[in-house]
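The values are calculated or read from the model by the stated rules, or taken from the named source; none is laboratory data. What you see is a predicted model, and the numbers here were worked out from it, not measured in a lab. Because the Cβ atoms are built from the backbone with ideal geometry, glycine has one as well, and the counts that use them run over all protein chains shown. Side chains are part of the model used for accessible areas, which takes the heavy atoms of the whole protein and leaves out ligands, DNA and RNA. Shrake-Rupley method; radii C 1.70, N 1.55, O 1.52, S 1.80 Å.
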Amino acid sequence: MKTAVFSARRYDQSLLTQANARAGHQLVFIQDRLTADTARLAEGCAAVCVFVNDSVNASVLAQLHAQGTRIVATRSTGYNHIDAAAAEKLGIAVVRVTDYSPHSVAEFAVGLLLAVNRKIARASARTRDGNFELEGLMGFDLHGKTVGVIGTGKIGAIFARILHGFGCTLLGHDVTPNPAFEALGGRYVGVPELMAASDVISLHCPLFESTHHIVNAQSLAGVKRGALLVNTSRGGLVDTEAAIQALKTGQLGGLAIDVYEQEASLFFQDLSSTVITDDVIQRLVSFPNVVVTGHQAFFTVEAIGQIMATTIASLSDFEAGRPLHHRVPEG
Ligand code: NAD
């Protein structure tokens, strides 16, 4: 099946090609993001394969449909970049990758937590510059601290299990309790109680209208003073301006993010030779107690291999008229 693959980096191209070796779909790699301006590049492609910062809104979907597209496959778990209801109306199937190494993201979230708490990136930069001073590098033991996990699904539960191993007390917030979280001794509470009691807050719920800016000025006013916030889920969960204010007052003791509300125009590209006009991200990276990475939590050999294999399998199932196992729930 002819498939336009948007946001195709070199690793996407080589790994998707490998995964496609037996299936034999005709893959057309496009480096650009899918937008209203680039949708025409998928002319005649029955399938379109996208990633997290492609904008698959109602008008783009209508254009894709008019050009012959009948399935959109996202190489991600999150699907907030796709208007699933509009796709359903047009009769375009939408599939995602529900089961790829949740360890990749959970382990990275722990890495970010350690990096921001123990100032590992700052320390490494210092020693490269011949500075072996410890001033300003003090962190705190995670052992004995309270960790609040918002979204205790696959990734959140693994994150919780790792932190349980560190000797942390676990609080959770979720619309659907997970027995695996409770088996670790995790206790479900409301967001205000979680914010007030946690030394570390880690976000692992999807971005929905109901979770947009779940961390905002009001909820940040209620956090335990000096708490660390980790976000590896979606940028839109955090009101970034409010987080900056909380960092300035010391209400937040540190912030570690792999995702950012306005990441679409920044992430997955080398902008090191350009003037970055996004003042919010520039302000964020200027804080000594902020760690920013560019949406790489999923980026392990295991996870990418599964993402590519599942994506190709979904395309083959669709082409053969078989049931789709990873269909996105309707909007
Ligand atoms: P999952 O579906 O297994 O878990 C999500 C959990 O969030 C579920 O338990 C669900 O009940 C809960 N939830 C839904 N609405 C909620 C709400 N209003 N409040 C609290 N909890 C709520 O998904 P997962 O595989 O654990 O992935 C979680 C998220 O991680 C994805 O949605 C995606 O945004 C993000 N993610 C990020 C990366 C990355 O590279 N940074 C990679 C993969 C996934």
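Computed values, structure above
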{"item": "Amide H contacts under 5 Å for Tyr188, placed H, 5+ residues apart", "result": "Gly172"}
{"item": "Cβ-based charge dipole, the stretch 102-292, positive-most Cα from Leu134, Leu113, Phe268", "result": "Leu134"}
{"item": "DSSP-assigned coil residues among trypsin sites (Lys or Arg not before Pro) in the stretch 202-305, each with at most 13 further Cβ atoms within 10 Å", "result": "Arg225"}
{"item": "His164 accessible area, assembled protein chains, probe 1.4 Å, Å²", "result": "90"}
{"item": "Fraction of accessible area attributable to carbon and sulfur, the chain (%, probe 1.4 Å)", "result": "53"}
{"item": "Leu228 long-range amide H proximity, modeled H, under 5 Å", "result": "Val200, Ile201, Gly253"}
{"item": "Backbone N within the stretch 304-331 under 20 Å of label point (7 Å from His212 Cα along the Cβ vector)", "result": "329-331"}
{"item": "Residue-level accessible surface for Ser14, protein heavy atoms, 1.4 Å, Å²", "result": "60"}
{"item": "0 to 90° range, to nearest 10: angle between helix 10-19 axis and the chain longest Cα axis", "result": "60"}
{"item": "Extension gain from Arg122 to Ala264, taking 0.36 nm per residue of separation minus the Cα-Cα distance", "result": "48.5 nm"}
{"item": "Charged-residue dipole, Cβ positions (Lys, Arg, Asp, Glu), the chain about Cα centre, Debye nearest 20", "result": "440"}
{"item": "Label zone at Asp129, where the point sits 7 Å out along the Cα-to-Cβ direction: the stretch 269-311 residues whose backbone N lies under 13 Å", "result": "288"}
{"item": "Shape of the stretch 155-200, Cα gyration tensor, a/c cut at 1.5", "result": "oblate"}
{"item": "Two-site FRET efficiency, Ala183 against Ala23, from Cβ-Cβ distance with R₀ of 45 Å, rounded to 0.05", "result": "0.70"}
{"item": "Helix 154-165 axis, angle to the chain major axis (alpha carbon atoms, nearest 10°)", "result": "30"}
{"item": "Dipole in debye (nearest 20) - the stretch 102-292, about Cα centre, beta carbon charges: Lys, Arg +1; Asp, Glu -1", "result": "500"}
{"item": "Degrees between helix 102-118 axis and first principal axis of the chain (Cα, 0 to 90, nearest 10)", "result": "30"}
{"item": "Given Lys119/Lys154; Lys145/Lys224; Lys119/Lys248; Lys119/Lys224; Lys89/Lys154, the pairs whose alpha carbons are separated by over 22 Å", "result": "Lys119/Lys154; Lys89/Lys154"}
{"item": "Global geometry of the chain, whether rounded, prolate or oblate, following the gyration tensor of its Cα atoms and the 1.5 cut on a/c", "result": "prolate"}
{"item": "Asp141 - accessible surface, heavy atoms, 1.4 Å probe, Å² rounded to 10", "result": "100"}
{"item": "Shape category assigned to the stretch 39-157 from the gyration tensor of Cα positions, a/c cut at 1.5", "result": "prolate"}
